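Each remark here refers to the structure printed beneath this line.
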């Protein structure tokens, strides 16, 4: 355990909505001055894991004047690590890759070069504070070689505290899990989700979209952005049960023309939730389940939608 005394202002945790157990565990560790070398923040995305990690870093660094630098992730004693794409020898985060127009054919990952950077960062003395903090987002994206390289750093981080953010403990190597103190994050309830959305300026998200996110405010926001990208005329059409074969085929053609495959797959989830709320039809859910399976197996999407909408219309 690191024994440096913590300058104890726990106010940054007041920004976190929900996650009572996670906050209580972190506060107890701080108040008892028993900070573990490494923590595993485990829970679904969009429920406050990264915001809690930032609040934890703010408390550990005890540098209230540097709140803005911490928020911008450019504090000299904070290293924030995200999965990256490799393009012409340069590592780019997802946002950087999107801004650069990079065609992404695989998922980003935490690379061994980034793990080596972590090792170098924690081996030096902090520049402004009593300790350093490393936060690793989507730590489950590490290849096995990178994860093994991280093991020794987790055992002896010297002046640093390391936080790994993952969807669940089973998503990373057991040897990594064993070196971390686990902090569980749970899905938000309805009122907590709405509170987060209101704070972030998303109070106008339709209830169907919020329900689809299943207690993840982050996923609700992401779903809302997708929802808004669907033309309103198309959305109105797909929310109706087709009255005949002609209208079913016309809607299928419109879906195939206006939406990419990723958005079509999201819309299937949305429609399942929508039709269940409005029609309580198990058969419609099953037709849409089959559509998702077929599109996922690279069957021609227009054909899949034609068959699915004809089934929903009762014409097949």
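The values are calculated or read from the model by the stated rules, or taken from the named source; none is laboratory data. What you are looking at is a predicted structure, and each value in this text was computed from that prediction instead of being measured. Cβ: placed from backbone, ideal geometry, glycine included. Neighbour counts: every protein chain shown.
Before we move on, is residue 285 more than 13 Å from residue 239 (Cβ to Cβ), touching a residue at least 12 places away in the same chain (Cβ under 8 Å) and assigned by TED's automatic domain parsing to the domain that holds residue 238? Please lay out each step first, then the result.
Working: more than 13 Å from residue 239 (Cβ to Cβ): yes; touching a residue at least 12 places away in the same chain (Cβ under 8 Å): yes; assigned by TED's automatic domain parsing to the domain that holds residue 238: yes.
Yes, satisfied.
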Does the stretch 221-238 contain at least one residue that is within 30 Å of residue 150 (Cβ to Cβ) and modelled with pLDDT under 95?
yes
Take the residues of the stretch 169-195 that are in a loop (DSSP other than H, G, I, E, B) and surrounded by 14 or more Cβ atoms within 10 Å (Cβ to Cβ): which is farthest from the chain's Cα centre (by Cα)?
179
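Considering 249, 265, 310, 288, which residue is assigned to a helix (DSSP H, G or I), modelled with pLDDT under 95 and surrounded by 13 or more Cβ atoms within 10 Å (Cβ to Cβ)?
265
Go through the stretch 105-120 and give me each residue that's buried (at least 20 other Cβ atoms within 10 Å of the Cβ) and either in contact with a strand residue (DSSP E or B) (Cβ under 7 Å, 6 or more places away or on another chain) or in contact (Cβ under 8 Å) with a residue 60 or more places away in the chain (or both).
110, 111, 114, 118
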Scan (1) under 16 Å from the mean Cα position of the chain (by Cα); (2) more than 27 Å from residue 211 (Cβ to Cβ) for the single condition residue 165 breaks and write down its number.
(2)
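I'd like to verify a number: residues in the stretch 222-246 that are in contact (Cβ under 8 Å) with a residue 60 or more places away in the chain and either part of a helix (DSSP H, G or I) or out of contact with any helix residue (DSSP H, G or I) (no Cβ under 8 Å at 6 or more places or on another chain) (or both), how many? Working first, answer last.
Within the stretch 222-246, the first condition is being in contact (Cβ under 8 Å) with a residue 60 or more places away in the chain, and the residues that meet it are 222, 241-245.
Next, from what is left, pick out any that are either part of a helix (DSSP H, G or I) or out of contact with any helix residue (DSSP H, G or I) (no Cβ under 8 Å at 6 or more places or on another chain) (or both): 222, 243-245.
Count: 4.
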Of the conditions (1) buried (at least 20 other Cβ atoms within 10 Å of the Cβ); (2) within 15 Å of residue 40 (Cβ to Cβ); (3) out of contact with any helix residue (DSSP H, G or I) (no Cβ under 6 Å at 6 or more places or on another chain), residue 155 satisfies every one except a single condition; which number is it?
(1)
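Is it fair to say residue 164 is under 25 Å from residue 26 (Cβ atoms), in contact (Cβ under 8 Å) with a residue 40 or more places away in the chain and crowded, with 21+ Cβ neighbours inside 10 Å?
Values: under 25 Å from residue 26 (Cβ atoms): yes; in contact (Cβ under 8 Å) with a residue 40 or more places away in the chain: yes; crowded, with 21+ Cβ neighbours inside 10 Å: yes.
Here the answer is yes, as residue 164 does meet what is asked.
Listed here are the residues, each with its yes/no results for (1) on the phi > 0 side of the Ramachandran plot; (2) at pLDDT 95 or above; (3) part of a helix (DSSP H, G or I).
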| residue | (1), (2), (3) |
| --- | --- |
| 5 | no, no, no |
| 14 | no, no, yes |
| 23 | no, yes, yes |
| 66 | no, no, yes |
| 69 | no, no, yes |
Since residue 201 meets every condition but one in (1) within 25 Å of residue 27 (Cβ to Cβ); (2) exposed (fewer than 12 other Cβ atoms within 10 Å of the Cβ), which condition does it not meet?
(1)
Residue under question is residue 217, and the condition is that it be in contact with a helix residue (DSSP H, G or I) (Cβ under 7 Å, 6 or more places away or on another chain), crowded, with 19+ Cβ neighbours inside 10 Å, on the phi < 0 side of the Ramachandran plot and not assigned by TED's automatic domain parsing to the domain that holds residue 296; does it hold?
yes
